[in-house]
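**Q** Below is a structure I'd like to ask you about.
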Amino acid sequence: MKRLFAGLFLLLCCAIAQAANPVIEMRTSQGIIMLELFADKAPKSVENFLEYAKSGHYNGTIFHRVIDGFMIQGGGFDGSLNQKPTRAPIENEAKNGLRNETGTLAMARTSAPHSATAQFFINLADNNFLDYPSRDGWGYTVFGKVTSGLDVVQKIGKTRTGVVRGMPDVPAEPMIIESVRLIESAKTGQTK
């Protein structure tokens, strides 16, 4: 009987832990993408992303770098390709055991490992070369995954791209991130 109760308690704890991850709705010009953020595995990256989302930073930005079969990147430029101001960079959390697999959400950065700010990307393929330790000894931090709307991500990935203002892989038609909002809070489990 004790084992049964212990097993049920463990299952309940696991279910609560799974439900505790923040849920994000990303409305784009191509449709809605739902995301689950892994606050337990990448707390600094999730907190950073949520702060940008809550401040409205992502609203009206674009997916400015799209490479079919690789990833779609956004969160840093407006529709005129003007870079938006950001807060200080965050610590790289790529050593969290999560993998850059199809449909995962990761922090974009420069060649400096601790340079991620607001930009993120969604993997269109299993990009294991981006996983810790990667070629540079650090990797790219995965901090979430698409739970609904992978077809939207893939549609964005298929868009025609070119060079605009010296930037390669820019969609010919703007792929707009209309809004990013927290649907369910990890702390309260409440809908926002």
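**Q** Return the loop-located chymotrypsin sites (Phe, Trp or Tyr not before Pro) in the stretch 98-192 (DSSP other than H, G, I, E, B) with at most 11 other Cβ atoms within 10 Å of their own Cβ; answer none if there are none.
**A** none
**Q** Continuing with this model, one more query. Can you work out ³J(HN,Hα) from phi for every residue in the stretch 156-165, in order, using Karplus 6.51 cos²θ - 1.76 cosθ + 1.60 and θ = phi - 60°, giving whole Hz and x for Gly and Pro?
**A** 4, x, 8, 5, 5, 10, x, 9, 10, 6
**Q** List, in order, the whole-Hz ³J(HN,Hα) value for each residue of the stretch 51-62 obtained from phi through the Karplus relation with A = 6.51, B = -1.76, C = 1.60 and θ = phi - 60°; use x for Gly and Pro.
**A** 5, 5, 5, 5, 7, x, 3, 6, 5, x, 7, 10
Each value in this text was obtained by applying a stated rule to the coordinates, not by laboratory testing. Not measured: the values here are computed from a predicted model. Counting neighbours? That spans all protein chains shown, and the Cβs are built from the backbone with ideal geometry, glycine included.
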